[in-house]
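What follows is one structure encoded as structure tokens, with my remarks underneath.
Throughout, read-outs are computed from the coordinates displayed, never taken from laboratory work. Here the structure is a predicted model, which is why all the values come from computation and not from measurement. Every residue, glycine as well, gets a Cβ built from its backbone with ideal geometry; the counts of neighbours run over all protein chains shown.
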Amino acid sequence: MRERDHAHSDDWRRLCRTCIRRLFCGIRNRSRYRRGGSGKLAALKAGAIPIYEPGLDKIVSDNVAAGRLSFTDELASAIDAVDAVFIAVGTPTRRGDGHADLTYVYEATRQIARHARKGLLVVTKSTVPVGTGREVARILREERPDLSFSVASNPEFLREGNAIGDFMRPDRVIIGIDETGPDKGEIANALMRQLYRPLYLIETPIVMTGWRQLSSPNMRPTRSSR
């Protein structure tokens, strides 16, 4: 892949992650978005959207006005009053071997663990290879053995120019659950079903599965951004 193609692909991945954060608010969930970088944070608070996707600016402004969406750079306060935290960071392609660089995913996991004051559901939303969830779970339990974390994977598959439509009217929602924890995935299952309840009510198939089954070809999306 040429360097320009790499740049476009990375820009689209960032757009997908930004859309997803806002769109959870669009289905009437309360979200706090933690973003590093004072300049970008100030722009978001002022209503400036750093990427373009048709209709996204209105979703952001409506949900900020309704109190369902807020922006902060204080991780501790952002996760203090929530039940689930989504990791939606960059996974750039490593030069040389072409594999995804998971540095940011694992660093975000460590920061969540260090700042958590209670057990949480941690969901990987970034595009990650099979096995990443197990490593996220291991890091959480290693960093904070005093807390009980649940872990899930909720892959993102949005098409450029139609990200909002794909999110609001998906063919199905795929969720991989860590079933090795003390509760065998019950907390993650319940919270993810609650989160996606508005889509379930319009008869969107919600596919809940263990991580082993998540890697099956049957779990691949019918809509993709590529």
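Per residue, the average separation of C-alpha pairs within less than 8 Å and at least 6 apart gives the stretch 118-166 a relative contact order of 48 percent. Summarising the amide proton neighbourhood of L69: residues at separation of 5 or more, or on other chains, whose placed amide H is nearer than 5 Å comprise S31, V64.
Counting only lysines at least 8 places from K184 when in the same chain, there are none with an alpha carbon closer than 18 Å to its own. Using 0.36 nm per residue and subtracting the Cα-Cα separation, the extra length available between Q194 and R172 on full extension is 6.4 nm. Within the same chain, lysines fewer than 8 places from K40 are excluded, and of the rest, those with a Cα less than 25 Å from its Cα are K58, K125.
Count neighbours as other Cβ atoms within 10 Å of each site's Cβ, and list the trypsin sites (Lys or Arg not before Pro) in the stretch 117-171 that are DSSP loop with at most 14 such neighbours.
Numbers: sites: R117, K118, K125, R134, R138, R141, R159; in loops: R117, K118, K125, R159.
Listed in order of number, the matching sites are R117, K118, R159.
Taking 7 Å steps out from each Cα toward its Cβ at Y104 and T180 produces label points 2.6 nm apart. Annotation: extensible slack from D57 through R117 equals 18.3 nm (criterion: 0.36 nm per residue apart, minus Cα-Cα distance).
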